[in-house]
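Written below as structure tokens is the structure these notes are about.
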Amino acid sequence: MQPERWQLIDRLFHETLNHKRDERGHFLVQACAGDELLRQEVEALIASHEGAESFIETPASALAAELLAKGKTGVGVGAAIGPYTIRSVLGIGGMGEVYLAQDKRLGRQVALKLLPGQFTASPERVRRFELEARAASALNHPNIVTIHEIGETEGTQFIVTEYVEGKTIRDLMSERTIGLIEALDVTIQAASALEAAHKAGIVHRDIKPENMMLRTDGYLKILDFGLAKLTERPHLKADSSFSTQMQIKTNPGMVMGTVQYMSPEQTQGEEIDARTDLWSLGVVLYEMLNGCVPFEGKTTSHVIVSILESEPKPFQREVPSELQRILVKVLRKQRHMRYQSARDLTVDLKNLKQELEVGDRLKSTPGSNARVGEERTEIKSAAAGGRSTSETIRTQASVVYPTSSAEYLVGELKRHKRGLFVGIAALIIGVAVLSSYMISRRAKAPETVDAIDSVAVLPFVNESNDPNAEYLSDGISDSIINRLSQLSNLRVVSLSSALRYKGQAVDAASVGRDLKVRAVLIGWMTKRGDSLSVRTELVDVRDNRRLWGENYQNRQLSDLLQVQEEISRRISEKLRLRLTGEDQRRLGKAATKNSEAFQLYLKGRFYWNKFTSDGFRKSIDFFKQAIAKDPDFGLAYSGLADSYSLVGEFSLDAPKDSFPQARTYAEKALVLDETLADAHRSLGIVRLFYDWNLKGAEEELRRAKELDASDAQSYHFYAHYFQFAGRLDEAHSELKQAVQLDPTNLVINAELGWADYTSRHYDDAIAQFQKTLELDPTFVLASLWIAQAYEQKGMYREALDELKRAKSVDPEWFWLDAEIACVYAFSGKRPEAEEILKTLNQRRTAEYLDPTVIAYVYAALGDKEQTFVWLEKAYQERAGNIPWIKLEPKFDSMRKEPEFQDLVRRIGLPQ
Amino acid sequence: MRPLPHDVTQLLVAWSNGDEAARDQLMPLVYEELHRLAHHYMNRERPGHTLQTSALVNEAFVRLVDQRDVHWQNRSHFFGIAAQMMRRVLVDYARSRQYQKRGGDVVQVSLNEDLIVSSEQTAEVVALDDALKSLATFDQRKCQIVELRFFAGLSIEEAAQVLGVSPGTVMRDWTLAKAWLRKEISNTA
């Protein structure tokens, strides 16, 4: 309608109404002056008006408000969008509405986000967003939300992602205080996601608490990768705050709250890169710890000025100085002063977290119910107020954590097979029964004949928040793995590979892909006082389908053994299935009837799994306590043998103080139960590294492999037998198999590289060590070995760089210093090498140093006399490293010397 | 992060100066505040008690807009946005209900679905929305008055205050708008 026309109608309508009813017709005819359409129009309006008294007079606003209150908007429950049926509203934000929906085709729950039209008007933008969102999703990273579909319905774009059950960090912060360890954990997980994304060239651009979702099991998911592409404007090279303001103000979808997380370069509209995400993540970390963002202001422009010019607001509570250092570095105004990669940030955060956790453990008396760790790591937000925890935080910050020389060396050495417990057997029987159940059930359907023949048991999540219960949660996972490994026709991933997922966001499908398994067992446990509750879930990795789940509520810890027998019976009944007699026997084998001994054993295993010299000492203590409670507890003896044999192999202690003990306990364990694979392996290690008895070692290691063919460690140590026997190709193929069985095990990956190194295949070795370091850049054993490989190739600069990096991770480990000296010696810097030698000799008075390592340096310096002096010392001590001289390239220059050949002969290795 | 009052004010100013992008930015801010307040009110009210929606919008305005800003005294844009927001919520809901009634294979789920809305009501809301869209093409102010009155629950006087016109003008516009809308709806029905 033309506005003029409408104005005319408006005027006539009211004028007509001002007339009495019986005069209106006449008035209208005159007023319209022959315009019949106009007259009809007004007349119709008058007629409509006559019946419109109550029309829309009752506001619908109450209903609207009610809908608003319930968060109900655009799409109603039950509505269908493509193949998705809306179930409920999850949230409404600046970038659209998010619904919980059901995918009718797959039956799974998904999150569906409708994108507001103003963001999707430009097809080019949508295309860029799609590209990037899909690329991020394709990374299959456990901390990045998986995108199922990007589609369009009736002109509205929507994104369908995996449904993450949990809360955003924003919600969490408004609900409760986030503890220090938890904040670090969240940040580490986020950084891990960013690392993967950045590697693929994807920058998130909008990291903020709203985009970080913490699942109930502690796993973090980063949402909305690529979404910022929809709101992005072309980069402005703008310096003035005016144009900055303009850019931010006119940037559709830019909710003002987000400014607080912007990096300086982002507020200036400059081109941004990976380091921008790190800044934003730093702001989130700061906020989690301090309850407010570091840069505040009354208005957007004040916030921006603060971001550009101010230092972060000081912490209201004391936090560890290392954490302050990290935050200062991540919040540097100049990009080049910041962390340059998410990986660097992750390394620092992980180290700090580890230190704090070790600190907690050092301080908490094992077994006591005092929740020391929890108290200490908590930082109250300003809002929470009240009780000051600064004192305890200060204590924590000042704890010195000496990284003992070998902590990192053994640090990640495989957590191999644990004992056999009746107790936890119940759960295992459940899973095993389930597997056979699935096999039989699937067998009926011809298209799904592929049975579930492999499973990964992820570390049980300790929901108690009680660090003292960690031993139980780890122990349960560990024991289940061990139990399941006993079953024929089922491959079980080792705990070390599974432990990589501890405290991480896991998606069963991606775990399945990484570990090459068909099913994943996820579990949660809660310990309250003497009460224990366990939940489990078995998931088919192909479609994230839950295959089986069970809750075991409020069981008594002191009745652990009986309780688990009961559980096993119940599961068997429930599934109406029977295992074969042999399987029953294997699963049900009782290790101890003494509940206290069992728990002490679990604690021992818990510390053993830490793989630090301190952890080993503690584990030895607990194993001995367990034996005191039950002198016939075979597993506890096997545990002791495990601890002592590894302490010996890695020269953490004088050989005479470790190997003989390992032998005694392994033999004792085998008297109690000849089928303990671990004990056979420990005995094999002693025979190989201490007795230099190749044949005897081979027997034990082979027996261990027979008893537990799915354990990668059996292959690992069998490979050492081959190496000392001079059968390098066979050693390599054993290690290849070990890696296949346990693809993410750091030690095994490094050992494969070591096999290349001892075969003089330096390029292959370097590639394999690099692969290992990608799994974990802080695994210094791989750093040491890659440096040795560089050294052989004459790449001294690379060797030195890597060693220096490793030293920043572990400043104490003397092998690194010795290797640095070697590199100096080879590159002609003799004085520097000799200086280090002097220091090492001084340290020898205070701690055990394997003389073989000192001999390395003398060999590098070309000092034959001293080399043989130290090798002889090592020989006399039966040092853990002496058998390696047969293969070590460092001695290639003296291999022909009669003294050297004599030494090798005396050790009894084939020439 | 709660929006800063100043930001909302700036956006309102920008929008009233013709910056349409500012309006797009305001929508989610206003929505979230309304949602929060409505939720808060609903939980406080006794069951069966009707929510005073104009009070709701007023409170959102007070919370979101910097009252000290002398350059900004006109409330019409804010209330307009709030009213539009409530219209959208209601209409979308009504449309989805209509849709469900038609949808053949849609599974009906009652997840806290305790809102009882008759199908006549939903049909009315949808038809009204369509008619309002036509009205807005040639008379924006009348459309806004209907939004303020019907969707945001404002009285004639409140609407007049918000729009900065006399109550008489609002009354006149309201009367014609009603007549026109009713006619339009019955024509298309």
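Bear in mind that the values in this text are calculations on the coordinates, not laboratory data. Quantities reported herein were computed from a predicted structural model and do not represent experimental measurements. For neighbour counting, all protein chains shown are included, and Cβ atoms are generated from backbone atoms with ideal geometry for every residue, glycine included.
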When the Karplus curve 6.51 cos²θ - 1.76 cosθ + 1.60 is applied with θ = phi - 60°, which whole-Hz ³J(HN,Hα) does each residue of the stretch A:100-106 get, with x for Gly and Pro? 7, 9, 10, 7, 5, 6, 9
Quick one: 3J(HN,Hα) in Hz for the stretch A:779-792, Karplus 6.51/-1.76/1.60 with θ = phi - 60°, rounded, Gly and Pro as x. 7, 6, 4, 5, 4, 4, 6, 5, 5, 4, 5, 4, 4, 5
Full-stretch length increase - A:E596, A:R617 - with 0.36 nm per residue and alpha-carbon distance subtracted: 5.6 nm
Rounded to whole Hz and in sequence order, give me ³J(HN,Hα) for the stretch A:644-650 from the Karplus expression 6.51 cos²θ - 1.76 cosθ + 1.60, θ = phi - 60°, writing x for Gly and Pro. 5, 5, 6, 4, x, 4, 9
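Set the Förster distance to 30 Å, then compute FRET efficiency between A:R805 and A:Q866 from the Cβ-Cβ distance, nearest 0.05. Walk me through the intermediate numbers first.
Numbers: r = 29 Å, r/R0 = 0.98.
Working from the Cβ atoms, E equals 0.55.
Could you tell me which of rounded, prolate or oblate describes the stretch A:627-668, using a ≥ b ≥ c as the square roots of the eigenvalues of the alpha-carbon gyration tensor, with rounded for a/c under 1.5 and, failing that, prolate when a/b is larger than b/c and oblate otherwise? Mind dumping the intermediate values first?
Details: a/c = 2.70, a/b = 2.49, b/c = 1.08.
It is prolate, given that a/c is not under 1.5 and a/b is the larger ratio.
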At 0.36 nm per residue, minus the direct Cα-Cα distance, what do A:K896 and A:D763 gain on full extension? Give it in nm, one decimal, please. 45.3 nm
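How big is D, in µm² s⁻¹, for the stretch A:275-356 by Stokes-Einstein at 10 °C and 1.306 mPa s if Rh is the Kirkwood radius over C-alpha pairs? Before the final figure, lay out the partial values.
Working: Rh = 13.2 Å.
The Stokes-Einstein estimate is 120 µm²/s.
Where a ≥ b ≥ c are the square roots of the eigenvalues of the C-alpha gyration tensor, would you call the stretch A:668-735 rounded, which needs a/c under 1.5, or, failing that, prolate if a/b is larger than b/c, or oblate? Before the final figure, lay out the partial values.
Working: a/c = 2.78, a/b = 1.40, b/c = 1.98.
Verdict is oblate for the stretch A:668-735.
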What distance in nm separates the two pseudo spin-label positions at B:Q161 and A:D273, each 7 Å out from Cα along the beta-carbon direction? 5.7
Inter-label distance for A:T664 and A:L775, nm, one decimal - labels placed 7 Å from Cα along Cα-to-Cβ: 3.5
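Quick one: order A:R844, A:R491, A:R797 by neighbouring beta-carbon count within 10 Å, fewest to most.
Numbers: A:R844 14, A:R491 18, A:R797 11.
The most exposed by this proxy come first: A:R797, A:R844, A:R491.
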Between A:R542 and A:Q740, what FRET efficiency comes out of the Förster formula 1/(1 + (r/R0)^6) with R0 = 25 Å and r the beta carbon distance, rounded to 0.05? 0.75
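Starting from the Cα-Cα distance between A:T845 and A:Q876, subtract it from 0.36 nm times their residue separation and give me the gain in nm to one decimal.
On the way: separation 31, 0.36 × 31 = 11.16 nm, distance 1.77 nm.
Contour length minus Cα-Cα distance gives 9.4 nm.
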What residues have an amide H closer than 5 Å to that of A:Q157, excluding those fewer than 5 places away on the same chain, when H is modeled at 1.01 Å from N in the peptide plane? A:L115
Could you tell me the center-to-center distance, by alpha carbons, between the stretch A:658-702 and the stretch A:509-547 in angstrom? 34
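Quick one: A:F295, A:F623, B:F61, fewest Cβ neighbours within 10 Å first, how do they rank?
Numbers: A:F295 26, A:F623 29, B:F61 19.
In increasing order of surrounding Cβ atoms, one gets B:F61, A:F295, A:F623.
Based on the Cβ-Cβ distance from A:H14 to A:S310, what FRET efficiency comes out when R0 is 60 Å, to the nearest 0.05? It would help to have the intermediate numbers written out before the result.
Working: r = 61 Å, r/R0 = 1.01.
In this case the efficiency is close to 0.50.
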Measuring from label point to label point, each 7 Å out along Cα→Cβ, what is the A:K298 to A:V29 span in nm? 6.9
What's the average, rounded to a whole number, of partner chain beta-carbon atoms within 10 Å of each residue's beta-carbon in A:734-742? 0
Take every Cα-Cα pair in the stretch A:758-881 and report what % of them are more than 19 Å apart. 48
